[in-house]
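Encoded as structure tokens, the structure appears first; notes follow it.
The values are calculated or read from the model by the stated rules, or taken from the named source; none is laboratory data. No experiment lies behind these values; they were computed from the predicted model shown. Glycine also receives a Cβ, built like all others from the backbone with ideal geometry; neighbour counts cover every protein chain displayed.
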Amino acid sequence: MSWRDLDPEALERQFNPRRSVPDFEAFQAEKAALSAEVRARLEGYLDVPYGASALQKLEQTSRRVPPPHSLQPGEAHLFIVNPLAALKGRGVMSLFRTHPPTEERVARLMAVQDEILRRQGPIGR
């Protein structure tokens, strides 16, 4: 059965949280009150920066750990970080790259993070 087979009422029950969660308004109010309480009690940032450091860890690991012997160059695009990058330079193969180099990706992520933190600033105390 596909969603296309459902009548409008069934679609509402299935995909609209206001219809599928019992007492939705009370549920939302409880979650909003809890969120406000935690934000008042704890100091922190709304957006936790994790993207750049995770990408850097993947890049470092891909350079330390050799790729599987069975890995073919045509399969490298399936990985977040090219596992074959440590085996070759940036020459002609860089023309066929599907993503920018990791250093450039990290720089972009850091710029976005800095902009978010500049606009938002710390919350809490």
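Please pick out the residue among Ala52, Ala10, Ala26, Ala33 that is closer than 25 Å to Arg119 by Cα and either among the charged types (D, E, K, R) or at pLDDT 80 or above (or both). Give the steps one after another, and end with the answer.
Numbers: Ala52 fails: either among the charged types (D, E, K, R) or at pLDDT 80 or above (or both); Ala10 fails: closer than 25 Å to Arg119 by Cα; Ala26 fails: closer than 25 Å to Arg119 by Cα.
Exactly one residue qualifies, and that residue is Ala33.
Within region 89-102, does at least one residue satisfy the condition of being part of a helix (DSSP H, G or I) and at pLDDT 75 or above?
Residues of region 89-102 that are part of a helix (DSSP H, G or I), as a first pass: 92-96, 102.
When the remaining residues are screened for being at pLDDT 75 or above, the result is 102.
Checked against the condition, which is being part of a helix (DSSP H, G or I) and at pLDDT 75 or above, region 89-102 yields at least one hit.
Restricting to helices (runs of 4 or more DSSP H) lying wholly in region 1-43: which have 1 or more residues that are touching a residue at least 60 places away in the same chain (Cβ under 8 Å)?
Numbers: elements: 8-15, 17-20, 24-41.
Because the criterion is at least 1 residues that are touching a residue at least 60 places away in the same chain (Cβ under 8 Å), the helices (runs of 4 or more DSSP H) in region 1-43 that meet it are 24-41.
For region 59-79, which positions are in a loop (DSSP other than H, G, I, E, B), of a type in the set (A, V, I, L, M, F, W, C) and modelled with pLDDT of 75 or more? Don't jump to the end; show me each part of the working.
Going residue by residue through region 59-79, those that are in a loop (DSSP other than H, G, I, E, B) are 65-72, 79.
Subset that is of a type in the set (A, V, I, L, M, F, W, C): 65, 71, 79.
Once the filter is applied, which keeps residues that are in a loop (DSSP other than H, G, I, E, B), of a type in the set (A, V, I, L, M, F, W, C) and modelled with pLDDT of 75 or more, region 59-79 yields Leu71, Phe79.
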